[in-house]
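Down below is the structure, laid out as structure tokens.
The values are calculated or read from the model by the stated rules, or taken from the named source; none is laboratory data. Worth saying up front: this structure is predicted, and the values here are computed from it rather than measured. Cβ placement follows ideal geometry from the backbone for every residue including glycine, while neighbour counts extend to all protein chains displayed. Note: areas computed on protein heavy atoms with side chains; ligands, DNA, RNA excluded. Shrake-Rupley method; radii C 1.70, N 1.55, O 1.52, S 1.80 Å.
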There are 2 protein chains.
Amino acid sequence: MMDTLLTKKDFTIVDTSSLVDKVEASLVQLLQERKLKVGDAIPKEIELGETLGVSRTVIREALSRLRMMGLIETKKKKGAVITSPDLFGIMGKSMNPHILSQETLKEIFEIRLVLEIGMADLLFRRITLEDIEELKAIVSNEPPATQYHLFNIEHEIAFHGKLYEITGNETMKKFQKMLLPVFDYVHNSGLLKKQPLLKTFLSHKGLVDILENGSPEAFRNGMRDHLENHFARLFE
Amino acid sequence: MMDTLLTKKDFTIVDTSSLVDKVEASLVQLLQERKLKVGDAIPKEIELGETLGVSRTVIREALSRLRMMGLIETKKKKGAVITSPDLFGIMGKSMNPHILSQETLKEIFEIRLVLEIGMADLLFRRITLEDIEELKAIVSNEPPATQYHLFNIEHEIAFHGKLYEITGNETMKKFQKMLLPVFDYVHNSGLLKKQPLLKTFLSHKGLVDILENGSPEAFRNGMRDHLENHFARLFE
DNA sequence: GATTTGTATTATGTATGACATAATAAAGGT
DNA sequence: ACCTTTATTATGTCATACATAATACAAATC
């Protein structure tokens, strides 16, 4: 037998994607290129099937995906119309800590830290007196910080969640909400090194003080300090 | 006719979701609750149809959605196995600037700023000498900053994209890549107020200097300054 | 006997036809 | 004009059949 030493490069890669995949891509492209606005209707399933030369089954599966992504909404008799999708609503379904790779989980955890440090300017721009009062109420209910506290998740979420709310950025808030189960998981699983030193750094109360009297710059540094334990765990 | 003054609260909300929606939710829940690991197989379509009491058509549409989300992969004869999803790959398809609401676009733009300011610690932790050299090469090719530059998008992407790369956070990098068309759109469309003052703030070169000799804190402040024009446009 | 080749099996992929259901339009009655 | 009924239309669901690809196992070749 001749050893022809053929390599992958010698072949033209065959397209292994299914018809549904192609139709889906075709439809998404349709939405992207034609400047279709929200509310515009798209052709009926049967018409699509005829123009694309596939059965209604395939069309329906592809449309089902678009529907799940929130790109379209369908009503009987009326057909399908384009809608403004909820970016993170979809992603929430696949945000399953048990399935995501450890590397991805770690990265998501990092992103949280990045967001909370970087959000300072949004906070100072949009915070109200009521917000500050609410934050004060939250920290006042806080259990005293003990040296070996496995910190109170409830309070963590209440405080940091409120910060996301103050930014006024709904997209970011949804993002945070979606990530909550991940944080929970990362904390509990031994994914990160055990809490290394657990020195108590700048407290929630300290952060509120900065929000009341300080500057974005001061808040960034304060938050960085507040999150030091997390950073230390990430960086081994 | 009696005006009974009935309100929504008086009715039990009818479930308007389709069978496919329910099956999809049921399957997602299955993946979440059972601690199914990557690689585990799920029942065959026909079995699922029998246990859930629906036709194979419905099962297939639901599975098609999971497949699109990257939660499962299916192969003929073998069936479906659980996979680790690409979180942002899916979202990219619905990231269509023409369809997203103006408010969402603005918020996404904000998130970019937040990320780039907050990423300082990751940068300093992971940057290498080669990275610095590469950044220097990028800025050296930069056209001189003119007062009225409608800044060079190419260079913006090259420089800031490299920063995301340096973070070593693949998830964040994917996020950035996904957002590129949005930035392009936001810049071009009149969504944000016209460039207000266009003073030249801290340059790319200045940021590289900080990365080489400075601290995370200095970088955060530097990046904040660098992005001042964007902030100004966001905050009217 | 080990490797290859053919063949059967099995589960997904696609197509088609049928009917149910809901939303809309049209027609009809008062 | 207003309300009701009827017809129409497009999606939602089901059932069935066949195509296709992956796998396992038997058969053939050396």
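What accessible area, summed over both chains, is buried at the B-A interface (1.4 Å probe, Å², nearest 100)? Walk me through the numbers on the way to the answer.
Values: alone 15240 and 15250 Å², together 25100 Å².
Buried area (both sides, nearest 100 Å²): 5400 Å².
The figure for A:T16 is an accessible area of roughly 130 square angstrom, using a 1.4 Å probe on the protein chains alone.
When only alpha carbons are used to place a centre, the stretch A:214-233 and the stretch A:49-121 end up 33 Å from one another.
Take B:T16, push a point 7 Å out from Cα through the beta-carbon direction, and compare it with the same point in every other copy: 4.2 nm, smallest first. For the pair B:N213/A:Q32, report the inter-label distance in nm, with labels modelled 7 Å from Cα in the Cβ direction. Distance between the two pseudo-spin positions: 4.4 nm.
Report D for the protein assembly as shown in µm² per second (integer): Stokes-Einstein, Kirkwood Rh on Cα pairs, 37 °C, 0.692 mPa s. After rounding, the answer is 130 µm²/s. Mind pulling the angle between the C-alpha long axis of helix A:56-69 and the longest principal axis of chain A? Nearest 10 degrees, somewhere in 0 to 90. That works out to roughly 20 degrees. What's log10 of I(q)/I(0) for the stretch A:40-134 at q = 0.23 Å⁻¹, Debye sum over Cα points only, no solvent? Calculated log10 I(q)/I(0) at the listed q: -1.13. How much of the pair distance distribution for the stretch A:10-85 lies past 21 Å, counting alpha-carbon pairs only, in percent? Of the Cα pairs, 26 percent sit more than 21 Å apart. With all protein chains in place and ligands, DNA and RNA left out, the 1.4 Å accessible area ranks A:I132, A:I153 as A:I153, A:I132, largest first.
Counting only protein heavy atoms and a 1.4 Å probe, tell me what percentage of the stretch A:89-234's accessible area is made up of carbon and sulfur.
On the way: 3340 of 6340 Å².
The C+S portion of the solvent-accessible surface of the stretch A:89-234 is 53 percent.
Taking R0 as 22 Å, what FRET efficiency do you get between A:N229 and A:A137 from their Cβ-Cβ distance, rounded to the nearest 0.05? Working shown, then result.
On the way: r = 25 Å, r/R0 = 1.12.
Approximately 0.35, to the nearest 0.05.
Contact residues in the stretch A:49-90 (at least 20 Å² less accessible area with all protein chains than alone, 1.4 Å probe): A:R60, A:E61, A:S64, A:R65, A:M68, A:M69, A:L71, A:S84, A:P85, A:L87, A:F88, A:I90. Can you give the angle from 0 to 90° between the axis of helix A:170-188 and the longest principal axis of chain A, with both taken from C-alpha atoms, to the nearest 10? With both axes taken from Cα atoms, the answer is about 70 degrees. Could you state the angle between the C-alpha long axis of helix A:129-140 and the longest principal axis of the C-alpha atoms of chain A, as a value from 0 to 90 degrees rounded to the nearest 10? Once rounded, one gets 70 degrees.
On a 1.4 Å probe surface of the protein chains, which of B:S18, A:S140 comes out largest in accessible area, and what is the full order? Let's see the in-between values first.
Details: B:S18 50, A:S140 85 Å².
Of B:S18, A:S140, the descending order of accessible area is A:S140, B:S18.
Ligands, DNA and RNA are left out, and with a 1.4 angstrom probe the accessible area of the stretch B:10-85 is 62 Å² per residue. Counting only protein chain heavy atoms and rolling a 1.4 Å probe, the accessible areas of B:V81, A:V14, B:V23 rank, largest first, as A:V14, B:V81, B:V23. With the simple model of a label 7 Å out from the Cα in the direction of the Cβ, A:T12 to A:Q102 spans 4.4 nm. Considering all different alpha carbon pairs of chain A, the Kirkwood hydrodynamic radius works out to 21.9 Å. Legend: residues in the stretch B:157-171 shielded by at least 40 square angstrom of accessible surface upon adding the remaining protein chains to the isolated chain (1.4 Å probe, heavy atoms) are B:N169, B:T171. Each label was represented as a point 7 Å from its Cα along the Cα-to-Cβ direction; for B:N152 and B:D40 these points are 5.3 nm apart.
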